[in-house]
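Enquirer: I am attaching a structure below and will ask some questions about it afterwards.
Here, each number is a calculation from the coordinates, and none is a lab measurement. Remember, it's a predicted structure, so these values are computed and weren't measured experimentally. Because the Cβ atoms are built from the backbone with ideal geometry, glycine has one as well, and the counts that use them run over all protein chains shown.
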Amino acid sequence: MKRIEFVEKNVAKLVETADRMPEADEVRVRMHYTAISAGTERANLIGEENVAGMRTSTPPGFPRCVGYSGSGIVETIGENVTGLQVGDRVLTYWGKHQQYNTLPKQNVVKLESDKIKMDETALVFISTFALAAVRKVKIELGESNMVVGLGLLGLFSVQYAHLAGAMPVIAADMNPQRREMALKLGADVALDPTDADYVEKVKALTGGKGVNTIIEVTGRGEALNSALLCAAKFARVALLGCTRHPTTVDFYHDVHFPGVTLIGAHTMARPQLESYPGYWTHADDCRAALRYLAAGRLNVHDMISEIHSPEEAPEVFHRLAFDPKFPIGVLFDWTKL
């Protein structure tokens with residue numbers, strides 16, 4: 001079968017690799033779409049060493065394979081698998097950019113509604129990263145929220161904060177097109193964080209108090225520091241963006257004294273088996289997101305910018321490595337092979 005691999009720094013290729021039949025508790029899925037998660041995949045593509053959550057003294061090498069959010073059709077099931085049948089339309093997670101993914105059954109979620117499109121489904125797992133961050137800041141009805149960074153995760157965060165009852169939802173990004181998209185997806189206000197009066201504007205929008213909840217998605221230390229200046233007393237700040245290198249924070253003035261809570265919001269920082277308030281499993285968050293999508297309350301359609309054949313992977317990933325304006329929602333259509 002075909003698979004996309006990062007064979008060396010900044011170079012992606014479509015290669016032949018071995019297929020694998022499922023074991024007893026596994027499911028083999030013929031992929032329709034896989035989605036690019038730009039931040040994670042660019043970090044791997046450019047040879048970033050700090051791409052794993054665990055500290056390690058051995059930097060990762062090449063080849064590297066990514067592509068963890070997708071959709072497809074169940075082709076084969078293991079003998080112990082229940083609740084899924086051959087031919088079911090499914091969401092997959094923690095797979096790869098490849099024609100077939102053989103996965104543990106818990107990493108495959110059946111689509112219960114015919115209203116859900118397969119291309120949109122490919123982005124749903126990625127959306128749950130934002131959903132988990134919004135859950136962790138525990139927005140109450142009428143509390144203000146700010147999302148800093150309007151890439152794929154930021155725009156999903158805007159939607160989930162809106163659904164959670166935040167008022168206002170303030171979106172911040174230097175890119176005017178992304179600010180415009182955020183307004184379309186539920187933000188009440190969209191600001192440029194490089195404006196000289198950025199902090200004053202945020203404070204004015206919140207009655208001078210600052211923002212109650214913040215989703216920081218850039219992973220950049222300077223963006224976090226400016227966001228903390230916008231925080232209200234006792235604000236909750238979810239660190240959704242991956243800050244892959246050490247940064248400096250004025251903890252005394254910006255965290256300790258105002259009683260701000262900083263929350264690690266990596267998607268792996270969640271329960272594995274049972275959901276509880278504020279902390280849901282991957283599978284439960286996927287099912288919740290699919291219900292919102294089926295009901296028309298989650299907009300994925302407008303977040304899909306491009307769909308490519310996997311044969312175009314070398315050019316697509318070259319753009320990801322070098323183009324700072326790489327689009328937010330890019331999919332590979334595996335049915336084109």
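Enquirer: In the Gaussian network model of the chain, springs joining C-alpha atoms below 10 Å, which of ILE170, ILE215, ILE304 carries the largest mean-square fluctuation?
Expert: ILE304
Enquirer: Here is a follow-up. Hey, rough spin-label estimate for MET174 and GLU79, points 7 angstrom out along Cα→Cβ, what's it come to in nanometres?
Expert: Label at MET174, label at GLU79, 5.8 nm between them.
Enquirer: With the alpha-carbon atoms as the only input, what is the per residue convex hull volume for the chain in Å³?
Expert: Looking at the chain, the number lands at 134 Å³ per residue.
Enquirer: Still on this structure, I have one more. Note the full-extension length gain between VAL189 and THR248 as 0.36 nm times their separation in residues minus their Cα-Cα distance, in nm to one decimal.
Expert: Additional length available on full extension: 18.4 nm.
Enquirer: What is the extension gain from LYS110 to ILE307, computed as 0.36 nm multiplied by their sequence separation minus the C-alpha to C-alpha distance, in nm to one decimal?
Expert: Full extension from LYS110 to ILE307 adds 68.6 nm.
Enquirer: For Cα pairs less than 8 Å apart in space and 6+ apart in sequence, what is the mean separation divided by the residue count of the chain, i.e. the relative contact order in percent?
Expert: 18
Enquirer: Shifting gears a bit: What's log10 of I(q)/I(0) for the range 1-103 at q = 0.12, 0.18, 0.22, 0.23 Å⁻¹, Debye sum over Cα points only, no solvent?
Expert: -0.45, -0.88, -1.10, -1.15
Enquirer: Oh, and also: Tally Lys/Arg at +1 and Asp/Glu at -1 over every other residue whose Cβ is under 13 Å from the Cβ of LYS105; what's the total?
Expert: -3
Enquirer: Still on this structure, I have one more. In degrees between 0 and 90, to the nearest 10, how far off the longest principal axis of the chain does helix 282-294 point, with axes built from Cα atoms?
Expert: In the chain, helix 282-294 runs at an angle near 80 degrees to the longest axis.
Enquirer: Right, here's the next one. Could you tell me which residue out of PRO246, TYR33, SER305 lies farthest along the dipole of the chain toward its positive end? Charges go on the beta carbon: Lys and Arg +1, Asp and Glu -1, centred on the Cα centre.
Expert: With unit charges placed on the Cβ atoms, the residue in question is PRO246.
Enquirer: Going by alpha carbons, how many degrees (0 to 90, nearest 10) lie between the helix axis of 124-137 and the longest principal axis of the chain?
Expert: Once rounded, the angle reads 30 degrees.
Enquirer: Once phi is turned into ³J(HN,Hα) by the Karplus curve 6.51 cos²θ - 1.76 cosθ + 1.60 with θ = phi - 60°, what whole-Hz value does each residue of the range 299-314 show in order, with x for glycine and proline?
Expert: 9, 9, 3, 6, 8, 8, 8, 8, 10, 10, 5, x, 5, 8, 4, x
Enquirer: Now, a different point. Using only alpha carbon pairs under 8 Å that are at least six residues apart, calculate the relative contact order of the range 1-110 and give it in whole percent.
Expert: Relative contact order for the range 1-110 comes out at 36 percent.
Enquirer: Right, next: Before anything else, pin down the relative contact order of the range 255-314: Cα pairs under 8 Å, at least 6 apart, normalised by residue count, whole percent.
Expert: This gives 14 percent for the range 255-314.
Enquirer: Can you give the FRET efficiency for ILE46 and ALA196, using 1/(1 + (r/R0)^6), R0 = 30 Å, r = Cβ-Cβ distance, to the nearest 0.05?
Expert: So, using R0 = 30 Å, E works out to roughly 0.40.
Enquirer: Springs between alpha-carbon pairs under 10 angstrom, Gaussian network model over the chain: which of LYS184, LYS115, LYS13 fluctuates most?
Expert: Per the Cα network of the chain with a 10 Å cutoff, LYS115 tops the list.
Enquirer: Run the numbers for MET167 and TRP94: contour at 0.36 nm per residue of separation, minus the present Cα-Cα distance, in nm.
Expert: 22.9 nm
Enquirer: Along the three principal axes, how long is the range 84-219 when you take its alpha carbons, biggest first, rounded to the nearest angstrom?
Expert: The Cα atoms of the range 84-219 stretch 57, 29, 26 Å along their principal axes.
Enquirer: Using Cα-only point scatterers and the Debye equation, what is log10 of I(q)/I(0) for the range 11-167 at each q in 0.09 Å⁻¹, rounded to two decimals?
Expert: Those come out to -0.37, one per q.
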